[in-house]
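Okay, so here's the structure we're looking at.
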Amino acid sequence: MNTVIDRLIKSRTLFVATHINPDGDAIGSLISLGLGLQQYGKRVYFYNESPIPAVYRFLPGVELVKQTLPPKREWDTAVILDCGDMERIGEAADQVHRSPQIINIDHHVTNTGFGHYRLVDPTACSSTEIVYRLLKQMHIDIDEAIATSIYTGILTDTGSFRFANTNSAAYVICAEMVQCGVDPYTVAQHVYGTYSLGRIKLLNMALDSIEISPNGKLSLMTVTHDMFAETDTNPEDVDGMINYAKRIEDVRVAALIMENANGADQKRFHVSLRSDGTVDVAEIAASFGGGGHFNAAGFGVESSLKDLKKTINAIAENL
Ligand code: AMP
Ligand code: MN
Ligand code: MN
């Protein structure tokens, strides 16, 4: 922790980035750390390759996040948050790789240990938990904007305090964030309570797509490009849907196949995996070149949908 803080203090300009198709923890850790460093007097470039999902656009400071790199590298330190490996930040990875200093802040078990400095703690419920500790140690004031991002990161990565990564820190930190001015109802309304009609229609199709393996231990949900087109939705709207497939009794692993949203490359899929706590899906995802946590992981793959379904169903036979 102290060497990371030293590095941050010595830096003048920082590039802060998180993974593509960001979730609440990715955006929350990006904004909370970025705002904290700004308060400390640093110049900060906030970066995420993907558009910010609609449900997170209420976060104070969200307008600071850019989808493009500055024309030339002007930062001395890059901080990569909530990424098991550098490539998770997307196409900028090649360029960011050449940063003079790289700090890796994450909580994935599959973290590759990239970067010159690391704060990787798989026991942390979220990357925002680690950012919280860092800001505290740097005596940075947790104002309402920073608190809202930390709260949202913890809330979403713990599945509203239901997933196995929910620890006492999740409650303690969130209670403090409420004291700092966060209104839990307002956050919940934005994150879970205001969906487009298209998203609800997409949920209907996704539920309808669920197939169960012959042994009943694996459920498979499929979201295709055609479904996105018909409901006028995109990948951010799929967030959380896999949990329906995971809830089915006797299911140990739920998989969600998501086809490229624009249909330009119909052979490119993202696969999400969730476990009921008895199977290490991070290991399964890693065997396909991806990663994640024991109970939640994912990977990208090029295949035909038919072959991919076969591959996924083969996983079921070993459960
Ligand atoms: P998702 O599949 O997007 O629901 O993500 C589940 C978990 O796996 C998250 O913690 C992700 O950061 C991680 N994850 C998803 N896709 C990948 C990937 N291609 N490589 C490494 N980790 C991934
Ligand atoms: Mn994440
Ligand atoms: Mn996370």
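Hey, how much of the P(r) for the chain falls beyond 29 Å, as a percent of Cα pairs?
35
By how many degrees, between 0 and 90 and to the nearest 10, does the Cα long axis of helix 305-317 differ from the longest principal axis of the chain?
Compared with the principal axis, the helix lies near 90 degrees.
Quick one: dipole size for the chain, taken about the Cα centre, charges +1 on Lys/Arg Cβ and -1 on Asp/Glu Cβ, in debye to the nearest 20.
Once rounded to the nearest 20, the dipole reads 560 debye.
Can you list the trypsin sites (Lys or Arg not before Pro) in the stretch 59-120 that are in a DSSP coil and have 11 or fewer other beta carbons within 10 angstrom?
LYS72, ARG98
List the residues of the stretch 298-319 whose backbone N lies under 20 Å from a point placed 7 Å from the Cα of ALA164 along the Cα-to-Cβ direction.
Output list for this probe position: 298-299, 315-319.
Choose one of THR158, SER219, GLY240: the residue whose Cα lies farthest towards the positive end of the charge dipole of the chain (beta-carbon charges +1 Lys, Arg; -1 Asp, Glu; about the Cα centre).
The listed residue farthest towards the positive side: THR158.
Kindly state, to the nearest 0.05, the FRET efficiency for ASN318 paired with HIS116, given R0 = 41 Å and r defined as their beta-carbon distance.
Calculated transfer efficiency: 0.60.
I want to check the label-to-label distance for LYS309 and ILE248. Put each point 7 Å from Cα in the C-beta direction and report it in nm to one decimal.
1.3
In whole angstrom, how far apart do the alpha carbon centroids of the stretch 161-179 and the stretch 115-131 sit?
Computed from Cα coordinates, the inter-centre distance equals 16 Å.
Work out, step by step, the length gained on full extension between ILE210 and ILE9: first 0.36 nm times the residue separation, then minus their alpha carbon distance; give nm to one decimal.
67.3 nm
Please arrange MET138, MET1 by how many other C-beta atoms lie within 10 Å of their C-beta, fewest to most.
MET1, MET138
Rounded if a/c is under 1.5, else prolate if a/b is larger than b/c, else oblate: which is the stretch 1-151, with a ≥ b ≥ c the root eigenvalues of its Cα gyration tensor?
In terms of gyration-tensor shape, rounded.
How large is the dipole of the stretch 197-318 about the Cα centre if only Lys and Arg carry +1 and Asp and Glu carry -1, each at its Cβ, rounded to the nearest 20 debye?
Dipole about the Cα centre, nearest 20: 180 debye.
Which values of log₁₀ I(q)/I(0), to two decimal places, follow from the Debye formula for the stretch 197-318 at q = 0.10, 0.13, 0.20, 0.23 Å⁻¹ with a uniform point scatterer at every Cα?
-0.27, -0.46, -1.11, -1.42
Any chance you could run the full-extension gain for GLU302 through LYS201? It's 0.36 nm times the residue separation minus the Cα-Cα distance, nm to one decimal.
Gain on extension, GLU302 to LYS201, equals 33.6 nm.
Cα axis of helix 197-208 to longest principal axis of the chain: angle in degrees, 0 to 90, nearest 10?
So the helix axis and the longest Cα principal axis differ by about 50 degrees.
When the helices in the chain are scored as -39500 (n - 2.57) per DSSP H run of 4 or longer and the sum is shared across all residues, what 222 nm value do you end up with, to the nearest 500 deg cm²/dmol?
-11000 deg cm²/dmol, from helical runs alone.
Only the coordinates and a few stated rules stand behind these numbers; no lab work does. From a predicted model like this one, the values you see are computed outputs, not experimental measurements. Please note: Cβ atoms are built from the backbone with ideal geometry, for glycine as well, and neighbour counts cover all protein chains shown.
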